[in-house]
Amino acid sequence: MRDALPRFLIASALLLLSYTAAFAGSFRFTGAAHDLDSGELLYREEHLIELNGKGDYSRGEVSYVDGRGQLIAVKALVFEGQELAPEVSYRDLRDGSSFTLAKEQQAMELNQLNKGVLSLSRIELPLDELVVIDAGFDRMVQKYWHDLEQGAALDFEFFAPTRGKFVSFEIQRIKINETQVQFKVRPQNWLFNLLVEPLFLVYERSSRRLQEYRGLTNIAMYERGKVLDGYYRARISYFYPERSEENTVDDDGADTMGTENKEEAP
């Protein structure tokens, strides 16, 4: 099984983003992933979110389409009653690998299929810790938005299916201006922190929606008809119904937001 460092799962967690709504229904949005070094379009994400009667996330679907328009992967999530720790089902259509993750009382049940081999495991939930799974990451950002926007650091336990365990992460604001706020996500383990590049996320302050993600993604690299062990490193820009691709984050993105660790005067 491809054993990437667990930070790629944070990318997966960002595939279902916040959208304010006060009624049941659904909405769609897209993401465009470009290679961090070359700028080449790697793939697009097509998102569908279903809301319940309270306007909370109920279910989600994500389709991943490569630059040729071919569907390469799909993911489904169930949020009902567990927004920070949804059930997850993911399948890479290029090689048939997949995993499903579901909560069972005080544990997680993980089913993985790789190269035709099915493995099953049960992982106990950390006690008295903030537990986050996959797209529950964005739900966590929304829940603790005020504290994070003010600069507080937040520790959480994120489940890494490739390792079959929870990994400790920290998120904290590093830049803020009148319209945007940038967060940095890094592992708490000192060794992981030395080996793993941090992730950077730019949110729009007024809507609390993710505009840009930079770092390792959840899509495995593909070359000459073969899925490789590594994962794409990308800048992903997100587009909502009222936001066209011409209205994106500046070319320098998160690096040119401006004020670091303090808010600019209005």
- Assess whether K103 counts as being out of contact with any Leu (no Cβ under 7 Å at 6 or more places or on another chain) and over 30 Å from Y238 (Cβ atoms). no
- Item | Pick from the stretch 159-192, criterion closer than 23 Å to R122 by Cα and among the hydroxyl-bearing types (S, T, Y), ranking: surrounded by the most Cβ atoms within 10 Å (Cβ to Cβ) | T162
- Query: What are the residue pairs meeting all of these: first residue in the stretch 127-140, first residue touching a residue at least 40 places away in the same chain (Cβ under 8 Å) and part of a loop (DSSP other than H, G, I, E, B), second residue of a type in the set (S, T, Y) and buried (at least 19 other Cβ atoms within 10 Å of the Cβ), Cβ atoms under 8 Å, and 6 or more apart or on different chains?
  - Reply: D134/S12; A135/S12
- Could you check how many residues of the stretch 90-146 are polar (S, T, N, Q) and over 19 Å from V78 (Cβ atoms)? 4
- Could you list all residues from the stretch 209-237 that are part of a loop (DSSP other than H, G, I, E, B) and buried (at least 20 other Cβ atoms within 10 Å of the Cβ)? none
- Item | Residues (of a type in the set (G, A, S) and under 22 Å from Y57 (Cα atoms)) located in the stretch 98-139 | A102, A135, G136
- Message: I'd like to check something: does the stretch 156-164 contain any residue that is under 23 Å from I72 (Cα atoms), among the aromatic types (F, W, Y), touching a residue at least 24 places away in the same chain (Cβ under 8 Å) and touching a Phe, Trp or Tyr at 6+ places or on another chain (Cβ under 7 Å)?
- Response: no
- Task: Evaluate the following for K75: is it farther than 22 Å from E45 by Cβ and either in a loop (DSSP other than H, G, I, E, B) or in contact with a strand residue (DSSP E or B) (Cβ under 8 Å, 6 or more places away or on another chain) (or both)?
- Result: no
- Message: Can you confirm whether L51 is in contact (Cβ under 8 Å) with a residue 40 or more places away in the chain, aliphatic (A, V, I, L, M) and crowded, with 18+ Cβ neighbours inside 10 Å?
- Response: no
- Item | Subset of the stretch 187-208 [in a loop (DSSP other than H, G, I, E, B) and over 20 Å from F239 (Cα atoms)] | Q188, N189, V196, E197, P198
- Query: Among the residues of the stretch 103-147, how many are at positive phi and surrounded by fewer than 16 Cβ atoms within 10 Å (Cβ to Cβ)?
  - Reply: 4
- Note on the structure: Only one of (1) farther than 18 Å from I236 by Cα; (2) in a strand (DSSP E or B); (3) at pLDDT 95 or above does not apply to V167, and that is (3)
- Message: Being more than 15 Å from the chain's Cα centre (by Cα), under 18 Å from R214 (Cα atoms) and of a type outside the set (A, V, I, L, M) is the filter here; which residues of the stretch 22-42 pass it?
- Response: H34, D35, D37, S38, G39, E40
- Message: Condition (residue is surrounded by fewer than 18 Cβ atoms within 10 Å (Cβ to Cβ) and under 24 Å from L130 (Cα atoms)) applied to the stretch 58-75: is it met by at least one residue?
- Response: no
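The values are calculated or read from the model by the stated rules, or taken from the named source; none is laboratory data. All values reported here derive from a predicted model rather than from experimental measurement. Here Cβ is always computed from backbone atoms with ideal geometry, including for glycine, and neighbour counts include all displayed protein chains.
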